[in-house]
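None of the figures in this text is laboratory data; all of them are computed from the coordinates on show. Predicted model only: the values in this text are computed from it and were never measured. Don't worry about glycine lacking a Cβ; one is built from the backbone with ideal geometry, like all the others, and counts go over all protein chains shown.
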Amino acid sequence: MELSEIFYSLQGESSYAGLPCIFVRLAGCNLRCTYCDTKYAYEPEFTLSVEGIIKEVEKYYPVKLVEITGGEPLLQKESVELMKLLVKKEYTVLLETNNSISLKDVPDQVIKIIDFKTPSSGVCNSILWDNIKYFNDHDELKFVIANRQDFDWALGIIQKYDLQKYQILFSPVHKKLDKKILAKWILETGLPIRLNIQLNKVIWGDIRGA
Ligand code: SF4
């Protein structure tokens, strides 16, 4: 498989934020979001077999939380086999995906963190709406918000597709939308939306592999 990096850090996002986690960042992405902060993952830095990745992950024992991220992990077909093996080895597996590729083959035990591309991403028309039928109750839906238009758009999508039962995450675009403003907007709705700040950036700043 083509990889960008494997590293160990605190999970920065989702309802798992703050927990020790192993990150497997697969290389390559089919999108080009305006605010992308992982452009370095567009091109591979090394390759490993599925078994080779598992071996790397196992080095961090007793950590049993692993996130498969990218780029876009589902571009590489072997990512499904990787997730299946990790599940079999009793890891809690998070998959961060950009929602433009079918989720059909993702094992049910995997917790999908599904990024709904908002208008300011510039790739809003890449959303694969058919994916909604593959969402499981434990999945989390992430909306990256740059402005009020994105915020209102996200609320409209949640209502239109009846997505309230999922964990909803709203993240401010780094250096573009003040988290205090987003916090205020969320509070005004009274809805169970989680403010999703990139804890890793709060702790370690804007550096790679943290
Ligand atoms: S989907 Fe993720 S990795 Fe791909 S361009 Fe968008 S932000 Fe970057």
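Observations, loosely collected:
- Look at K84, K180 and count the other Cβ atoms within 10 Å of each Cβ; fewest to most, that gives K180, K84.
- Count Lys and Arg as plus one, Asp and Glu as minus one, and take only other residues whose Cβ is under 9 Å from that of Y166; the net charge is then -2.
- The slack in the chain from H138 to K104, taken as 0.36 nm per residue of separation less the alpha-carbon distance, amounts to 10.7 nm.
- For the range 33-74 versus the range 154-210, the inter-centroid distance based on Cα atoms is 23 Å.
- Taking 7 Å steps out from each Cα toward its Cβ at Q198 and R32 produces label points 2.0 nm apart.
- I181-K160 pseudo-label distance in nm [points 7 Å out on the Cα-to-Cβ vector]: 2.4 nm
- Cα gyration tensor category, rounded, prolate or oblate, for the chain with a/c compared to 1.5: prolate
- Tilt relative to the chain, helix 78-88 - C-alpha long axis, 0 to 90 degrees, to 10: 80 degrees
- Using C-alpha pairs under 8 Å with a sequence gap of at least 6, the mean separation divided by the residue count of the range 76-118 gives a relative contact order of 41 percent.
- Neighbourhood net charge (10 Å Cβ-Cβ; Lys/Arg +1, Asp/Glu -1) for S120: +1
- Gain upon complete extension [N147, D206; 0.36 nm per residue less C-alpha separation]: 19.1 nm
- Modelled FRET efficiency - R0 30 Å, S9 with K88, Cβ distances, 0.05 increments: 0.80
- Net length gained if the chain between K59 and E81 were fully extended (0.36 nm per residue, minus Cα distance): 6.0 nm
- Candidates P44, P62, P20: whichever shows maximal mean-square fluctuation once the chain is modelled as a Gaussian network with Cα springs under 10 Å: P62
- Cα shape, the range 1-115, gyration tensor, a/c 1.5 rule: rounded
- At most 14 other Cβ within 10 Å, DSSP loop - GluC sites (Glu not before Pro), the range 21-84: E45
- DSSP beta bridge pairing in the chain, given as percent antiparallel to the nearest 5: 25 percent
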